[in-house]
1. Gap in Å between the Cα centre of the stretch 146-175 and the Cα centre of the stretch 289-322?
2. If you average 1/r over every pair of different alpha-carbon atoms in the stretch 37-129 and take one over that average, what Kirkwood value in Å do you get?
3. Just the accessible area per residue of the stretch 311-350, please: how many Å² with a 1.4 Å probe?
4. Can you compute the modelled spin-label distance between Thr57 and Thr294, with each label point 7 Å from Cα toward Cβ, in nm?
5. Could you report the stretch 5-145's accessible area per residue, 1.4 Å probe, as an integer in Å²?
6. Of the beta bridges DSSP finds with both residues in the chain, what % are antiparallel, to the nearest 5?
7. Measuring from the lowest to the highest alpha carbon on each principal axis, how far does the stretch 237-350 reach, largest first, in angstroms?
8. Excluding ligands, DNA and RNA, what is the solvent-accessible area per residue of the stretch 155-273 at a probe of 1.4 Å, expressed in Å²?
Amino acid sequence: MKGANTVSTYQIVVVGCGSMANVWVEYVLKRADSSIVALVDIKEEFAQAMADRHRLTCGIYTDLNQAIEATGANLVLDITIPASHYTVATTALGHGCSVFGEKPMAATMAEARELVQLSERTGRSLSVMQNRRYDPNIRALRELLRAGTIGRVGYVGADFFLGPHFGGFRDAMASPLILDMAIHTFDQARLLTGADPVTVYCHEFNPPGSWYAGNASAICIYEMSDGTVFCYRGSWCAEGAPTSWEASWRVTGEKGTAIWDGAGVPYAEVVASGDQTGKFIRESTRVEAEVNWTGQKGHAGCLDEMFEALQSGRRAETDCRDNIKSMAMVLGALDSAKSGQKVDLRSYWS
């Protein structure tokens, strides 16, 4: 059992004690170099329930300032709602703590840019949870593309069609798909291409049969910095024939096409060797992706990366200075949908 008396490299304050916080707490409790020294929630009983659930003897607080000052913490885990991320991060960074937080890093681009600047000024890390990067199959797809298997990439397409009946706040959101979910797929596209978003055109709508008050479907077209076009087609009110939560991917290049259904091992079909002059449709050869990534999946994989980066003094893969570009894809898409125009994203994150 770890509590406030444990001497560890990372003295951690957990802010936000809802259900998702259990995933973070369970991860931290497995680390020999980390101790949870405080739990913070606006409802004290939530923090106490979290302590009881995990047999923690740490302090219970409703104020983050008090928690950091009382414990001398050096790392804050922010698992609060998006509207609170800016306040939590500025408070923690201002006290000299590094921050690992749930997505999105902030509620607005202005807040996100301020957080990046504050991280720079303080020299403290601010990293964002993008758990869907941490999957052996998407890593295999990235390596397949990096190896030049299909040649230079020109198009990346992701289809995301599911019909989850959440109930609660998502059903009342104005843009539930783009605001609550699409950042995962957008961030995956950045992982695969290694490119930055340049422009976006988005058409957002709410199809017949939707049980959401806001727009639960969208089509987004992004131009990326390497010339690639990324097309996202998604719906959160699509009954039947669901895709994976990781989306269904098609990537086309000079020499062939790579496919990933979001669940199994990716593969490519490339133009077969030999003379195919005059053939209307050229023959292709299937190439299976090699799955070599051995890291943990999901939240654990992302947290491993965050801690390893902190230990070595480097930027994490999902450092705020990188992740702001995924956030720009979300908020830029919403701006495009509202205006009906293509939006230049470079001013959002640069």
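1. Answer, in whole Å: 22.
2. Details: mean 1/r = 0.0743 Å⁻¹.
For the stretch 37-129, inverting the mean 1/r across all distinct Cα pairs yields 13.5 Å.
3. Values: 1860 Å² over 40 residues.
Normalised by residue count, the accessible surface of the stretch 311-350 is 46 Å².
4. The two pseudo-label positions are separated by 3.7 nm.
5. Numbers: 5670 Å² over 141 residues.
So the stretch 5-145 comes to 40 Å² accessible per residue, rounded to a whole number.
6. Details: 37 of 64 bridges.
Around 60 percent of the beta bridges assigned by DSSP in the chain are antiparallel ones.
7. Principal-axis extents of the Cα atoms in the stretch 237-350, largest first: 52, 43, 35 Å.
8. Numbers: 4550 Å² over 119 residues.
Using a 1.4 Å probe on heavy atoms only, each residue of the stretch 155-273 averages 38 Å².
The values are calculated or read from the model by the stated rules, or taken from the named source; none is laboratory data. This one's a predicted model, so the numbers in the text were calculated from it and none came from an experiment. Cβ atoms come from the backbone with ideal geometry, glycine included; neighbour counts cover every protein chain shown. Accessible surface is based on the protein model in full, side chains and every heavy atom, while ligands, DNA and RNA are left aside. Shrake-Rupley method; radii C 1.70, N 1.55, O 1.52, S 1.80 Å.
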